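Student: Quick one: structure below, then a few questions.
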């Protein structure tokens, strides 16, 4: 069953379709939450809350044509609830926190030193920059989808992506070999996650 048929079945109350959607999207949603919150337990909680909200609000899905955008909007809201509740900011996390977040099973595919380095400096970005990078580079959402998730405009998304990539490139430039740096490619063409989850 393809995504469209599964979503239609879920809208009609098919419990198996919900389980199918959960199994299909739980990994990308968890990775998004983990990279935004930098905490395994909080990310698991946000994942569960996200799918609980999806299940409880399936009637709202009838009003949207983009399931993935809707799903990541809910996940983003859950993450921001946690950030507001716990007053967690990037500045409060030290290198040990980032290292712990990067060693989770969800990041098994991200073994290379370069990707670990990107994760380390990704955690130093402002949360509003980090989220657009995660959605674009790790989840491969379009600019339009990211704008829908973040409730902003496409131009705002592009601007934040440019600033985030430039800041990340500044962090990485002294470390990476010549030709490997993020500054070597135009901002719109960079691929930060060569091993996307």
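The values are calculated or read from the model by the stated rules, or taken from the named source; none is laboratory data. Note that this is a predicted model, so its numbers are computed, not measured. Cβ sites come from the backbone with ideal geometry, for glycine too, and all protein chains shown count toward neighbours.
Student: For the subset of region 37-68 comprising residues that are under 20 Å from residue 3 (Cβ atoms), touching a residue at least 40 places away in the same chain (Cβ under 8 Å) and surrounded by 13 or more Cβ atoms within 10 Å (Cβ to Cβ), which member is nearest to the chain's Cα centre (by Cα)?
Tutor: 68
Student: A further question follows. Inspect region 86-104 for any residue being farther than 27 Å from residue 117 by Cα, within 20 Å of the chain's Cα centre (by Cα) and modelled with pLDDT under 95 and give the result as yes or no.
Tutor: no
Student: Looking only at region 1-36, which residues are surrounded by 20 or more Cβ atoms within 10 Å (Cβ to Cβ) and closer than 18 Å to residue 138 by Cβ?
Tutor: 25, 28, 29, 30, 31, 32, 33, 34, 35, 36
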